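Report on the following structure.
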Amino acid sequence: IEQYGSDPLRWYMITNSSPWDNLKFDTDGVMEVTRKFFGTLHNTYKFFAPYANLDGFTYQEADVPMSKRPEIDRWILSELNSLIKNVDMCYADYEPTKAGRLINDFVNDNLSNWYVRLSRKRYWGGEYSQDKISAYQTLYTCLETIAILSAPIAPFYMEKLFGDLNKVTGRHSGSVHLADFPKADEKLIDNELEERMELAQQISSMVLGLRRKVQLRVRQPLSKLII
């Protein structure tokens, strides 16, 4: 006590410091996550819900067999099951930050910027075909699974998302925090398909970068592209 003077409060604060005292809170980082992750996930749900309501989709149909689903559906479900496996390992190792980054990358890079963009026309007008049902079932499964995977680190938002989804389908009852944690289906994981799609994503990104460099708009077609 003599070392820290006669002030007992100062002595208590110094001798009872913890690693949490140096924890930094980055407001800009929070806003970035709000925009890039929660904003993107919300926009994906907002894209899905109106079309599903318009077509009366309530997930009452039997699951479309994987063999009859288009390649892009099989790809995103393969990525989803790989994500389940990796996130489960991160939580088991007490690494919620790694789990969150994996989920963020899936939502931004795969689900929103690739799957939804390339599948938009499947949700538009036309008959309620097997292809459209497959598109609805696939995107619904992704949103529902993301809600459950993210619930430990974003409990309130995922409770809302999970509730909005299941209010229509009734596939689950109760809170997202009472739902069984997803189990990866190894049969749905296609590593070769994931690798091929990753190459396509990389090539697309490179071409977009070259277009920006020479100020060539996306809508202007290329006469030739050599890779």
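With respect to the conditions (1) open to solvent by less than 60 Å² (accessible area, probe 1.4 Å); (2) over 17 Å from Trp75 (Cα atoms), Thr145 falls short on a single one, namely (2). When the residues of the stretch 33-57 are filtered to those that are of a type in the set (Phe, Trp, Tyr) and open to solvent by 40 Å² or more (accessible area, probe 1.4 Å), the one that is farthest from Tyr128 (Cα to Cα) is Phe38. Looking only at the stretch 167-178, residues that are under 18 Å from the mean Cα position of the chain (by Cα) and modelled with pLDDT under 95 come to 0 in all.
Test Asp164 against the stated conditions and say whether it is assigned to a loop (DSSP other than H, G, I, E, B), surrounded by fewer than 14 Cβ atoms within 10 Å (Cβ to Cβ) and acidic (Asp, Glu). The answer is no for Asp164.
Helices (runs of 4 or more DSSP H) fully within the stretch 24-97 that include at least 1 residues being out of contact with any Pro (no Cβ under 9 Å at 6 or more places or on another chain) and over 19 Å from Arg120 (Cβ atoms): 27-33, 71-92.
Does Ala135 meet the test of being assigned to a helix (DSSP H, G or I), surrounded by 12 or more Cβ atoms within 10 Å (Cβ to Cβ), touching an Asp or Glu at 6+ places or on another chain (Cβ under 8 Å) and of a type in the set (A, V, I, L, M, F, W, C)? Against the criterion (assigned to a helix (DSSP H, G or I), surrounded by 12 or more Cβ atoms within 10 Å (Cβ to Cβ), touching an Asp or Glu at 6+ places or on another chain (Cβ under 8 Å) and of a type in the set (A, V, I, L, M, F, W, C)), Ala135 qualifies.
When the stretch 78-101 is limited to residues that are in contact (Cβ under 8 Å) with a residue 12 or more places away in the chain and of a type in the set (S, T, N, Q), the one that is most open to solvent (accessible area, probe 1.4 Å) turns out to be Asn86. Glu195 meets the conditions (1) loosely packed, with under 13 Cβ neighbours inside 10 Å; (2) at pLDDT below 95; (3) under 22 Å from the mean Cα position of the chain (by Cα) in every case but one. The failed one is (2). Figure legend. Inter-residue proximity from the stretch 23-44: first residues under 17 Å from Leu149 (Cα atoms), second residues assigned to a loop (DSSP other than H, G, I, E, B), beta-carbon distance below 8 Å, spacing 6+ or different chains. Indicated pairs: Phe38/Ala154.
Within the stretch 177-227, being polar (S, T, N, Q) and either on the phi > 0 side of the Ramachandran plot or part of a helix (DSSP H, G or I) (or both) holds for Asn191, Gln201, Gln202, Ser204, Ser205, Gln215.
The values are calculated or read from the model by the stated rules, or taken from the named source; none is laboratory data. In this text the structure is predicted, and so the values were computed from the model without any measurement. Glycine gets a Cβ as well: all are built from the backbone with ideal geometry, and neighbour counts include every protein chain shown. Note: accessible area is taken over every heavy atom of the protein model, side chains too, but ligands, DNA and RNA are not part of it. Shrake-Rupley method; radii C 1.70, N 1.55, O 1.52, S 1.80 Å.
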